[in-house]
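Below: one structure, written as structure tokens.
The values are calculated or read from the model by the stated rules, or taken from the named source; none is laboratory data. Because the structure is a prediction, the values reported are computed rather than measured. Positions of Cβ are generated from backbone atoms using ideal geometry, with glycine treated the same way; all protein chains shown enter the neighbour counts. The area values use the complete protein model at the heavy-atom level, side chains included, leaving out ligands, DNA and RNA. Shrake-Rupley method; radii C 1.70, N 1.55, O 1.52, S 1.80 Å.
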Amino acid sequence: MTLQDARRIGTCVVAACLGLLLGGCASLSYYWQSVSGQMDLWRRERPIEEVMADPASPQALKDRLARVLEIRAFASGELDLPDNASYRRYADLGRPFVVWNVFAAPEFSVQPLLSCFPFAGCVSYRGFFARKNGERHAAALAGEGHDVYIGGVPAYSTLGWFADPVLNTFIHYPEAEIARLIFHELAHQVAYVRDDTAFNESFAVAVEQEGVRRWLARGGDLARGDEFERGRRVRAEFAGLIQKHRARLDALYRTQLAPDAMRDRKRRILAELVSEYQSLKVGWGGYSGYDAWFAGPLNNAQLASVAVYSQWVAPLEALLARESADLTRFYAAVKVLAALPREERETQLRALVPRKAGI
């Protein structure tokens with residue numbers, strides 16, 4: 001065992017013990033799966049240069065990893081993102097996702113249930129390294145009457161506590177998507193607010209989108225640039241659609257309707273959401289990437305899984321424009337917002353965009 005491994009394990013054990021002290025014995029299995037899952041990831045990772053030099057590595061993987069190293073250098077050199085050991089190692093986990101996030105919300109509320117941890121604070125989901133464990137947790141919450149949703153995640157950030165690796169779960173994505181993901185996760189190391197998932201994720205989305213624009217412009221690839229902008233527009237329209245109907249549900253839940261009447265109205269709003277999606281995607285040139293998301297019955301938890309990534313993107317993009325697209329100044333301004341009490345921060349964010357933006 002190397003000294004680095006010992007430090008990693010020690011930090012994980014400390015985190016687990018703190019979690020147990022704060023969360024009680026019922027948290028034992030959850031913190032153990034978190035520690036063992038992280039340690040399994042470490043056992044599998046290797047320096048990217050070593051993987052590229054290995055004759056057993058497929059050439060396609062070597063080519064991808066070479067581009068990842070270029071993306072990683074661009075992230076720090078051109079986007080002022082942390083220049084550290086993250087995304088300089090590779091691990092093949094032998095599964096499609098690194099974790100599965102479980103979102104939950106009360107039947108008549110759009111606000112997700114929070115899970116609280118010693119270092120990350122309270123977040124709007126709970127992650128599991130094994131899908132079966134996530135399904136077990138989701139089933140328990142559903143048994144309490146909550147809406148639940150499970151979503152696979154290709155990567156996550158340890159917020160700079162550890163060096164996050166490149167994973168098989170996203171290495172075969174289109175190049176712009178790999179860049180988007182790496183920029184997003186590194187952004188979490190720049191600014192992170194405990195107990196405010198929506199702000200954290202919206203900031204990372206704003207950084208990823210600006211970063212990919214610059215990455216593609218650097219190569220002069222106009223076709224891929226246009227393709228990325230079309231994808232960004234689709235994501236924005238999808239998020240706007242979810243926000244619109246989530247706001248309708250929120251208004252509904254604030255009424256004094258009887259449960260059965262409210263349940264019926266909820267079903268109608270969700271059905272209208274599906275219908276509007278079918279109309280919206282006609283203008284997407286045949287793109288059907290969200291069809292699977294709409295395949296099952298929708299609920300509050302599923303809508304919340306989208307909202308946490310998009311709620312404050314428009315104001316933060318406006319802030320970036322205000323800072324003349326200077327990322328260093330933008331990060332400084334974001335850190336000022338991050339230091340504010342939540343209510344004051346949200347007031348300032350709302351002031352950055354017109355009322356019609358629906359924030």
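Quick notes on this structure:
- Pairwise Cα inverse-distance average, inverted: Kirkwood Rh of region 23-90 (Å): 14.3 Å
- Couplings for region 143-151, taken from phi via the Karplus curve 6.51 cos²θ - 1.76 cosθ + 1.60 with θ = phi - 60°, read x, 8, x, 8, 6, 9, 8, 10, x Hz in order; Gly and Pro are left as x.
- Here the chain is treated with +1 on each Lys and Arg Cβ and -1 on each Asp and Glu Cβ, and its dipole about the Cα centre works out to around 520 debye.
- In the context of the full protein assembly, Arg329 retains an accessible surface of approximately 110 Å², using a probe radius of 1.4 Å and ignoring ligands and nucleic acids.
- Under 20 Å from the Cα of Lys266 - lysines, other chains or at least 8 residues apart: Lys244
- When the Cα positions of Gly289, Gly94, Val51 are compared along the charge dipole of the chain, Gly289 comes out farthest toward the positive end, with charges on each C-beta of Lys, Arg, Asp and Glu.
- Restricting region 268-359 to GluC sites (Glu not before Pro) in coil, as DSSP defines it, with at most 16 other Cβ within 10 Å: Glu323
- Normalised by 2.2 N^0.38 Å, where N is the number of residues, the alpha-carbon radius of gyration of the chain equals 1.02.
- A dipole drawn for region 240-317 from +1 and -1 charges on Cβ atoms has a positive end, and of Leu257, Gln243, Leu273 the residue lying farthest that way is Leu257.
- Every helix of 4 or more DSSP H residues in the chain counts as -39500 (n - 2.57), and over all residues that averages to -19500 deg cm²/dmol at 222 nm.
- Residue-wise HN-Hα couplings along region 261-274, as the Karplus relation 6.51 cos²θ - 1.76 cosθ + 1.60 with θ = phi - 60° gives them from phi, are 5, 5, 4, 5, 5, 4, 4, 5, 5, 5, 5, 5, 4, 4 Hz; Gly and Pro carry x.
- Protein-only accessible surface order, largest first, of Tyr309, Tyr87, Tyr149, Tyr287 at 1.4 Å: Tyr287, Tyr309, Tyr149, Tyr87
- Global form of region 194-344, assessed from the alpha-carbon gyration tensor, a/c cut-off 1.5: oblate
- Residue separation of Trp284 and Asp250 scaled by 0.36 nm, minus their Cα-Cα distance, works out to 9.4 nm of gained length.
- A crude spin-label estimate for the pair Ser57 and Val274, with each label 7 Å from Cα along the Cβ direction, gives 4.6 nm.
- Look at the dipole of the chain built from charges on Cβ: of His184, Ala104, Leu316, the Cα furthest out on the positive end belongs to Ala104.
- Heavy-atom surface of the chain, accessible at 1.4 Å and reported per residue (Å²): 48 Å²
- Across the accessible surface of region 183-305, with the other protein chains kept in place and a 1.4 Å probe, carbon and sulfur atoms take up 53 percent.
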